[in-house]
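Read through the structure below, which is laid out as structure tokens, and then see the notes.
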Amino acid sequence: MKVSRREFGFAGFGALMIGRSAESLALKAAGRSAESLALRAQGGSASLSGGSASLSGERSYRYVHLDVFTDRRLAGNQLLVFVDPAGLETPTMQAMTKESNYSENTFVFPPEQSGTDYRVRIFTRTAETPFAGHPTIGSAFALAHVGRIKPGTSRVVFGLGVGPTPIDLEWANGKLAFAWMTQLNPTFGKSITDANALAAAIGLTGAAVRLNPDRATTVHSVRLQPDVPAGQEVNCGSNFFIMPLPSRQAVDAAVLDRARADAVFAAAGIQRRGIYVFTTERGQDDATAYSRLLSAGGIEDPATGSAAGPAGCFAAKYGLVPADRAGSIVFLQGVLAGRPSRLHVKVGISGSDVTSVKVGGASVVVGEGSVSI
């Protein structure tokens with residue numbers, strides 16, 4: 001389904017207006033070439049000198065709206081990429097992201113560091129973040145869509161908060177078809193071996209979370225390492241607590257109990273982490289793993305590229321996927337959220353040591369327009 005700009009303005013953003021004040025978003029007058037969102041920057045004053053000026057003194061900032069980690073619209077993870085944000089200050093970018101009510105927005109600036117092609121700043125609803133998966137992949141597709149990245153370009157380097165981040169690009173018929181981001185090699189942190197306590201923190205029983213309750217050496221025909229932890233914190237740019245489960249049913253049944261999870265983490269000396277659960281049980285699809293990021297409330301994230309990298313590294317390190325398939329892992333996430341997403345992970349492994357990790361996926365443009373400040 002191709003969504004026109006006007007259809008996008010009505011359907012895409014209109015859906016976000018449920019329960020929000022009518023004052024926060026208003027469509028510009030009909031007949032404009034693209035809708036423009038009237039946003040009020042809150043949380044601090046900002047001197048705006050970029051964008052396109054209008055007769056009223058407003059400035060317009062162009063965005064591209066994408067669905068990321070999918071090749072079809074109205075699936076995957078939503079993203080707005082502001083491709084001409086010159087002059088915007090941090091409080092205003094934060095307010096614009098909060099106004100969109102998407103999990104993240106990105107703002108693409110000229111490079112600030114030698115060896116990079118663009119400076120990409122990523123904002124969540126509440127703060128700027130140094131690294132995130134779907135905003136990075138989606139920003140590459142947005143820049144290709146507006147012609148900043150020329151067809152056939154094989155690699156660009158984004159300057160993110162975590163440092164220079166290479167993005168490998170694959171093209172088909174002159175259009176960007178796939179993008180791979182190189183994540184930091186994993187840091188494996190503290191683990192938890194108390195499966196019963198960890199299970200209770202996600203609403204399950206100990207038996208429901210044990211991969212090998214009888215000390216079996218295989219699970220789903222994959223040989224396990226001797227001591228697979230019940231869960232472990234892994235960082236490939238962002239910290240996540242990775243927790244393997246034996247079945248898709250268990251993944252779907254998991255519900256985060258924040259108080260119990262905090263108690264389990266505190267006892268293990270682990271700071272609060274997002275819990276990314278996954279299983280390598282196969283389904284009717286061709287995915288290698290089925291996953292969710294457990295939410296403490298609100299909208300469940302349909303695709304978490306910054307967690308899929310650590311989860312892929314965990315799966316490869318502990319033998320949950322065989323070594324010869326570690327370079328072609330596909331996580332299926334977002335099914336329960338109604339926005340299925342496919343996150344591809346390439347893990348380079350030597351023995352039990354992870355030597356490299358890339359996360360990739362497709363993206364599709366849903367619409368574009370401008371925000372007026």
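Here are some notes:
- Tally, over the stretch 274-294, of residues that are within 14 Å of the chain's Cα centre (by Cα) and under 13 Å from GLN333 (Cα atoms): 5
- Taking the criterion of being farther than 20 Å from SER100 by Cα and assigned to a strand (DSSP E or B), the residues of the stretch 116-158 that qualify are TYR118, ARG119, ARG155, VAL156, VAL157, PHE158.
- Of all residues in the stretch 68-83, those that are among the basic types (Lys, Arg) have Cβ atoms under 7 Å from Cβ atoms of residues that are at pLDDT 95 or above, 6 or more apart or on another chain, in ARG72/VAL364; ARG73/ASP67; ARG73/VAL364; ARG73/VAL366.
- Among the residues of the stretch 327-356, those that are within 23 Å of ALA177 (Cβ to Cβ) and not in a strand (DSSP E or B) comprise GLY327, SER328, GLY334, ARG339, PRO340.
- Within this structure, ALA307 fails the test of being in a helix (DSSP H, G or I), surrounded by 14 or more Cβ atoms within 10 Å (Cβ to Cβ) and over 18 Å from the mean Cα position of the chain (by Cα).
- Within the stretch 138-183, considering residues that are touching a residue at least 12 places away in the same chain (Cβ under 8 Å) and among the charged types (D, E, K, R), the one nearest to ASP71 (Cα to Cα): LYS175
- Residue match in the stretch 245-258 (condition: within 21 Å of ALA303 (Cβ to Cβ) and assigned to a strand (DSSP E or B)): no
- Restricting attention to the stretch 76-97 and to residues that are buried (at least 24 other Cβ atoms within 10 Å of the Cβ) and among the β-branched types (Val, Ile, Thr), the residue that is farthest from PRO130 (Cα to Cα) turns out to be THR92.
- When the stretch 52-75 is filtered for residues that are small (Gly, Ala, Ser), outside any loop (DSSP other than H, G, I, E, B) and open to solvent by 60 Å² or more (accessible area, probe 1.4 Å), the ones remaining, listed by number, are SER52, ALA53.
- One residue stands out in the stretch 109-128 among those that are touching a residue at least 40 places away in the same chain (Cβ under 8 Å) and β-branched (Val, Ile, Thr): the one that is nearest to MET93 (Cα to Cα), namely VAL120.
- The selection criterion, being under 22 Å from ARG155 (Cα atoms), surrounded by fewer than 24 Cβ atoms within 10 Å (Cβ to Cβ), among the β-branched types (Val, Ile, Thr) and under 22 Å from the mean Cα position of the chain (by Cα), does not hold for VAL347.
- Within the stretch 83-97, the set of residues being touching a Gly at 6+ places or on another chain (Cβ under 9 Å) and either closer than 23 Å to SER341 by Cβ or hydrophobic (A, V, I, L, M, F, W, C) (or both) comprises ALA86, LEU88, ALA95.
- Selection status of SER100, small (Gly, Ala, Ser) and open to solvent by 60 Å² or more (accessible area, probe 1.4 Å): no
- For the stretch 239-262, the candidate set comprises residues that are touching a residue at least 60 places away in the same chain (Cβ under 8 Å) and open to solvent by 20 Å² or more (accessible area, probe 1.4 Å); within that set, the residue that is nearest to ARG292 (Cα to Cα) is ASP252.
The values are calculated or read from the model by the stated rules, or taken from the named source; none is laboratory data. As the structure is a computational prediction, the values presented were derived from the model and not from experiment. All Cβ positions, even for glycine, are placed from backbone atoms using ideal geometry, and neighbour counts span all protein chains on display. The protein model used for the area step is the full one, side chains on, heavy atoms only, and it has no ligands, DNA or RNA in it. Shrake-Rupley method; radii C 1.70, N 1.55, O 1.52, S 1.80 Å.
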